1. Looking at the range 1-102, what helices (runs of 4 or more DSSP H) fall wholly within it and have at least 1 residues that are among the basic types (K, R)?
2. Considering the range 142-184 alone, what residues qualify as being part of a helix (DSSP H, G or I) and among the β-branched types (V, I, T)?
3. Under 8 Å by Cβ, and 6 or more places apart or on different chains, what pairs join a residue from the range 218-239 that is within 17 Å of I205 (Cβ to Cβ) with one that is at pLDDT 90 or above and of a type in the set (S, T, N, Q)?
4. Pairs please, first residue from the range 258-269 and farther than 12 Å from S37 by Cα and in contact (Cβ under 8 Å) with a residue 60 or more places away in the chain, second anywhere and in a helix (DSSP H, G or I) and among the charged types (D, E, K, R), Cβ atoms under 7 Å, 6+ apart in sequence or on different chains.
5. Specify the residue that is surrounded by the fewest Cβ atoms within 10 Å (Cβ to Cβ); the eligible residues are those in the range 3-41 that are modelled with pLDDT of 85 or more and polar (S, T, N, Q).
6. Can you tell me how many residues in the range 219-269 are surrounded by fewer than 16 Cβ atoms within 10 Å (Cβ to Cβ) and of a type in the set (K, R)?
7. May I ask you to verify whether N208 is farther than 16 Å from G14 by Cα, in contact with a Ser or Thr (Cβ under 6 Å, 6 or more places away or on another chain), surrounded by fewer than 24 Cβ atoms within 10 Å (Cβ to Cβ) and modelled with pLDDT of 90 or more?
8. Those residues that are of a type in the set (F, W, Y) and surrounded by 15 or more Cβ atoms within 10 Å (Cβ to Cβ), I need them from the range 109-127; list them, please.
Amino acid sequence: MDTILLIIAGFFSGLFGGLMGIGGSVILLPALAILFSSRHAPDQQHVYQAAAMIMNFFVALPSAIAHHRKKNLTWPILKWLIPAGIVGIFFGVTFSNLSFFQGEGALYLRKMLGLFLFYVLGFNLYRLFAKSRYAELSESSIKAINPVRVTAGVGLPMGFLAGLLGVGGGILCVPLQQMLLRIPLPKAIANSSAAILVITLFGAIYKNVTLPENIGGMTQSLRLAILIIPPSFIGGYLGARLVYILPRVILRIIFILLMLYGGLRLILG
């Protein structure tokens, strides 16, 4: 039964990831916590996060390749964004591994994830009703952006959040690029996918090698990842095509309701 539930969770994580243009871990992590919380110890949250980081890499891979082929990546941004994200995810994972978050303390990570889902909910509500667009910089202006704005304003927070909670970080990276750097949305999404690919690779390795053996260690997270990744690919493939068929407003409303339910369940237990 656990295997079937994991396959279903992986599929719907990929499906909504493809539909909404986000990392599937925003769906996967709440699903795992809700499905198995009654049977698994609280510190299994670390195993879930380690498996989700592996999934984030494989989900970001085809997206990053596609954006690269379309020449949509902004390398003057990425050359600062990626190193800052790597530093951020290192500190995020290190922070999540503190003794405060071990054992029963892992419940705090779950509640923090619930709060993050409310941020995602709020951002999507804004996108649902907002009519104004951010001002966008020209190609020449993008090349002149202060690196500090890229590293401190986008890369470090994105990486830290990804390392702390096990999410991809794209839901933070894309709007921050738009708000702070004035990067056009298509390029912000492309940059985010490339950054996630590299950053989560480092984060996944670090998180997995530091998993305590008493909760299953790397072996347990790899087992989860093997079951989750194939259906997430299928779901992502389907979602990327359904996005052109289903009404965008309906999709966003469904996603908002999922974030509301997941956030409440994680925070209230």
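1. Filter on the range 1-102 gives 44-69, 75-96.
2. I142, V148, V150, T151, V154, I171, V174
3. Partner pairs satisfying both residue conditions: M218/N208; S221/N208; L222/N208.
4. Once the first residue is farther than 12 Å from S37 by Cα and in contact (Cβ under 8 Å) with a residue 60 or more places away in the chain and sits in the range 258-269, its partners that are in a helix (DSSP H, G or I) and among the charged types (D, E, K, R) give I267/K111.
5. By that ranking, first place goes to T3.
6. Selection size over the range 219-269: 3.
7. Answer is yes for this residue.
8. Looking only at the range 109-127, we keep the residues that are of a type in the set (F, W, Y), and these are 116, 118-119, 123, 126.
Result: F116, F118, F123.
The values are calculated or read from the model by the stated rules, or taken from the named source; none is laboratory data. Model, not experiment: these values are computed from the prediction. Virtual Cβ from ideal backbone geometry, glycine too; neighbours counted across all protein chains shown.
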